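See structure below.
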Amino acid sequence: MSDEPTDLVFTALRQMQANGIRLRASLDACERLRAPTSIGPAKPATRPLVRDDAPTKFTPPEKRGGLSSALHAALPSAAETPRPQPAPPLSTAGTSGKAAKLAALRDPVLACMKCAHLAQSRTQVVFGVGNPDAELMFVGEAPGADEDLVGEPFVGKAGQLLTKMIETMGFRRADVYIANILKCRPNVPPGERENREPTAAEMEACKPYLLQQIDIIQPKVIVALGATAVEGLLDLKNVAVSKMRGSWKEFHGIPMMPTFHPSYLLHKQSLTEKRKVWEDMLAVLEKLGHEITDKQRGFFLPK
């Protein structure tokens, strides 16, 4: 066998020593590597080429002392370390999907010019507001002056009364959805704050937007507020809410409760009329399967 590999190693080690690098093995031990191998049992080396204090076999980290042992105890083993799981796919169902559909519908509604006279006189379109996944939906007739200014349905005095009614039922306003048959305020002479009822032609032009909202939200119950809302939804004429309220109707397979418009209660402050509307709301809660407290059942009853 040629000694060339050994010579190269020896030369490299000597050069390292000449450069001031401290070697773990002596040059004498290296010199013995160059000596011809003799027949017979090999003599033990006077100094090993490895550190005397180095472990002769692998010792698991957990059995070693010091920092390595502490780190091993603190960190989970490979078997215990959970593997990262892929993120679940984004769902287009439920609230997020309905919200996206309503947002897509909102743009053409805001730009609607079907009724030129309404588009010219309006301050802004009143699309609708609330929870896209609401189980309860309130439908009114048309925006008033306050709603036209703010761009949100039922924000005036009647709207404040409706909000109190919703909260007394155990909901927040944000839990339900509120919309109107008409998305624009019916035009009135300049400076006039009195509201007028929408015409049948105006409701017919705007109703498809409301139908799409209902189709997207799919509420469990609809409350029709006032005669105009009932007429617009059910295609009826000369509706007497006093005769229809308290009895369930159906709109596209959805239970619908007709009741008085909140503005009616602003003019009719009697306990009897308030109780009629509240009885309608109790029927709505029962239809939704909500628990009704004794306190709720006792509202607006004679003392």
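The values are calculated or read from the model by the stated rules, or taken from the named source; none is laboratory data. Note that the structure is a prediction, hence the values are computed from the model and not measured. Ideal geometry is used to build each Cβ from the backbone, glycine not excepted, and the neighbour counts take in all protein chains shown. Surface accessibility is based on the protein's heavy atoms, side chains included, excluding ligands, DNA and RNA. Shrake-Rupley method; radii C 1.70, N 1.55, O 1.52, S 1.80 Å.
If A174 meets every condition in (1) at pLDDT 95 or above; (2) in contact with a helix residue (DSSP H, G or I) (Cβ under 9 Å, 6 or more places away or on another chain); (3) surrounded by fewer than 17 Cβ atoms within 10 Å (Cβ to Cβ) apart from one, which number is that one?
The failed condition is (2).
Among the numbered criteria (1) under 15 Å from M137 (Cβ atoms); (2) assigned to a loop (DSSP other than H, G, I, E, B); (3) of a type in the set (D, E, K, R), which one does R193 miss?
(1)
Looking at L182, is it assigned to a helix (DSSP H, G or I), open to solvent by less than 10 Å² (accessible area, probe 1.4 Å) and among the hydrophobic types (A, V, I, L, M, F, W, C)?
no
Just to confirm my filter: which helices (runs of 4 or more DSSP H) fall fully inside the range 208-288 and include at least 3 residues that are open to solvent by less than 40 Å² (accessible area, probe 1.4 Å) and touching a strand residue (DSSP E or B) at 6+ places or on another chain (Cβ under 6 Å)?
Hits in the range 208-288: 227-234, 271-288.
Considering only the range 185-204, state which residues are of a type outside the set (D, E, K, R) and open to solvent by 30 Å² or more (accessible area, probe 1.4 Å).
N187, V188, P189, P190, G191, N195, T199, A200, A201
Out of curiosity, is N187 in a loop (DSSP other than H, G, I, E, B) and touching a His at 6+ places or on another chain (Cβ under 8 Å)?
yes
Looking only at the range 223-244, which residues are within 21 Å of E273 (Cα to Cα) and more than 36 Å from the chain's Cα centre (by Cα)?
Residues satisfying the conditions are N238, V239, A240, V241, S242, K243, M244.
If you take the residues of the range 131-163 that are within 16 Å of A229 (Cβ to Cβ), of a type in the set (G, A, S) and not in a loop (DSSP other than H, G, I, E, B), which of them is most open to solvent (accessible area, probe 1.4 Å)?
A158
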